[in-house]
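The structure appears right after this line, and notes come after that.
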Amino acid sequence: MAYRRKELVFDDATKEHIEQVARWLVESDGKSGLMMMGLCGNGKTTMMRSLSRLIEYVTETTVGYSKRIVMPIYPAKEIARMCAAADKERKDFKELSSFEMLGIDDLGEEPKEVMSYGMIYTPLIDLICERYDRQLPTIITTNLTKEQLSEKYGVRVYDRFKEMLDIVTFTNPSYR
């Protein structure tokens, strides 16, 4: 937040969000991922970036630099663009489904379908279903509600969300 000349607002809502994310990290309930949902500007992306750095730090100190877990974070729009791209970027899109951990930022901001060489793809649906099948940890941020997620991605994918993701709802107003 310092690069934006803002101070951390350590209010009750922020404390609660940190506690819920920490609970997901340490209490195994079979859910391999986390979804942070809520209005714009209330700390979801910052929380995901912090979580990514924490996971990298902890795994590096316990298993060493070469075996640490790195969680890349991609905006959903970028994932859709990668799917529609040619050659190398298309290959990069396919590799997302096998990353040990993956962060998807602003789910719902991307087009549902993209076209590549005349073929129509649903990049986020395909990626989420592949990661679900492999039970790979996925962290997602979104401004969509549960109803909007179900409408955009379908009941089947939303049902998978409920099984694979702990959901933390950010109800506080924007900090911007």
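Things worth noting here:
- Conditions (1) more than 29 Å from Asn172 (Cα to Cα); (2) buried (at least 17 other Cβ atoms within 10 Å of the Cβ); (3) out of contact with any Phe, Trp or Tyr (no Cβ under 9 Å at 6 or more places or on another chain); number of the one not met by Cys83: (3)
- Count of region 23-48 residues, restricted to those that are open to solvent by 60 Å² or more (accessible area, probe 1.4 Å), in contact (Cβ under 8 Å) with a residue 12 or more places away in the chain and assigned to a loop (DSSP other than H, G, I, E, B), is 4.
- Elements of type strands (runs of 3 or more DSSP E) in region 83-147, at least 2 residues being in contact (Cβ under 8 Å) with a residue 12 or more places away in the chain and of a type outside the set (Val, Ile, Thr): 102-107, 114-116
- Sole residue being of a type in the set (Gly, Ala, Ser), in contact with a helix residue (DSSP H, G or I) (Cβ under 9 Å, 6 or more places away or on another chain) and modelled with pLDDT under 90, chosen from Gly30, Gly64: Gly30
- Members of region 148-172 found to be in contact (Cβ under 8 Å) with a residue 40 or more places away in the chain and within 18 Å of Trp24 (Cβ to Cβ), listed by number: Phe161, Glu163, Met164, Leu165, Asp166, Ile167, Val168, Thr169, Phe170, Thr171
- Residues of region 113-132 that are of a type in the set (D, E, K, R) and under 20 Å from Met164 (Cβ atoms): Asp126, Glu130, Arg131.
- Residues of region 50-76 satisfying the condition of being open to solvent by less than 70 Å² (accessible area, probe 1.4 Å), charged (D, E, K, R) and over 22 Å from Ile18 (Cβ atoms): Arg68
- Residue that is over 30 Å from Asp11 (Cβ atoms) and touching a strand residue (DSSP E or B) at 6+ places or on another chain (Cβ under 7 Å), where the choices are Ala80, Ala85: Ala80
- Qualifying residue in region 116-126 (condition: modelled with pLDDT of 95 or more and of a type in the set (Gly, Ala, Ser)): no
- Within region 106-139, considering residues that are in contact with a strand residue (DSSP E or B) (Cβ under 6 Å, 6 or more places away or on another chain) and over 15 Å from Ala80 (Cα atoms), the one surrounded by the fewest Cβ atoms within 10 Å (Cβ to Cβ): Pro137
- Residues located in region 144-166, provided they are under 16 Å from Leu34 (Cα atoms), touching a helix residue (DSSP H, G or I) at 6+ places or on another chain (Cβ under 8 Å) and either among the β-branched types (Val, Ile, Thr) or open to solvent by less than 80 Å² (accessible area, probe 1.4 Å) (or both): Leu144, Leu149, Val157, Tyr158, Arg160, Phe161, Met164, Asp166
The values are calculated or read from the model by the stated rules, or taken from the named source; none is laboratory data. This one's a predicted model, so the numbers in the text were calculated from it and none came from an experiment. Cβ: placed from backbone, ideal geometry, glycine included. Neighbour counts: every protein chain shown. Ligands, DNA and RNA are excluded from the accessible area calculation, which covers all protein heavy atoms including side chains. Shrake-Rupley method; radii C 1.70, N 1.55, O 1.52, S 1.80 Å.
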